[in-house]
Amino acid sequence: MSSEYNPPNDPLDVIHADHEILIVNKPSGLLSVPGKGPHLADCLIARIQDAFPQALLIHRLDRDTSGVMVFALTPHAQRHIGLQFEKRMTKKTYVARVWGTLEPKTGTVDLPLIVDWENRPLQKVCHETGKAAQTDWKVLRSDGVESRVRMMPKTGRSHQLRVHMLALGHPILGDPFYATGEALNYERLMLHSEELRLRHPDGGEGVRFRAKAPF
């Protein structure tokens, strides 16, 4: 299902660092946190803690997703921002390339998601037992073969954007779990966390961090 783990050796790409938070541009192919077993020990949090030993995890991105992640440098910041994620006060924007022509140009996917137990870690739409999941989308451009889409998830379910696009019939290109045929033949998952907005744990001011998509 998923390829062997050969994480990239990109140097740490720090977007911002202060006394409370650290913002990093995560490369595609690197786990956010360690997996099970020593072969999955190399991950973003481990690399960050080499440089910032006090760094604490707040949220995750899928291994194959790149882009903006926030880490706490104090327990206060971890609690403060963790609560913002929990209460859906953060605003996340992603860019993706998806298969086919996504129409209409804007819309919302509102489909509940749950883990597909027989095919873990895959997720699936389930109206009986799934947890509520909503994603707003906007098509940036389309050439008939693929569409470039901006997505604003309202919830943060596992694989949410990937399954929601699949449910619309437009899997994200290069997705090792959900794309098939020609849509799979790309060097990486074409999904990038482009922007994160949150309230700074020191004073509550709104801050915004961006990382341009590498595709």
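What follows draws every value from the coordinates through simple rules; no lab data is involved. Keep in mind that what you see is a predicted model, and the values were worked out from it rather than measured. With ideal geometry, Cβ positions are generated from the backbone for all residues, glycine too; neighbour counts draw on all protein chains shown.
Quick look at the numbers
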item: Whichever residue in segment 30-71 is within 14 Å of P121 (Cβ to Cβ) and among the polar types (S, T, N, Q) and, among such residues, is surrounded by the most Cβ atoms within 10 Å (Cβ to Cβ); result: T65
item: Residue match in segment 3-25 (condition: surrounded by fewer than 13 Cβ atoms within 10 Å (Cβ to Cβ), polar (S, T, N, Q), part of a loop (DSSP other than H, G, I, E, B) and touching a residue at least 60 places away in the same chain (Cβ under 8 Å)); result: yes
item: Listing of strands (runs of 3 or more DSSP E) fully contained in segment 114-215 that carry 3 or more residues being out of contact with any Leu (no Cβ under 8 Å at 6 or more places or on another chain) and surrounded by fewer than 16 Cβ atoms within 10 Å (Cβ to Cβ); result: 134-142
item: Selection count, segment 9-52, where residues are out of contact with any strand residue (DSSP E or B) (no Cβ under 8 Å at 6 or more places or on another chain), acidic (D, E) and closer than 22 Å to L189 by Cα; result: 2
item: Failed condition for A51, given (1) free of Cβ contacts under 8 Å to residues at least 40 places away in the same chain; (2) within 14 Å of V68 (Cα to Cα); result: (2)
item: Those residues of segment 72-102 which are touching a residue at least 24 places away in the same chain (Cβ under 8 Å), surrounded by 15 or more Cβ atoms within 10 Å (Cβ to Cβ) and farther than 25 Å from K212 by Cβ, in sequence order; result: T74, A77, H80, G82
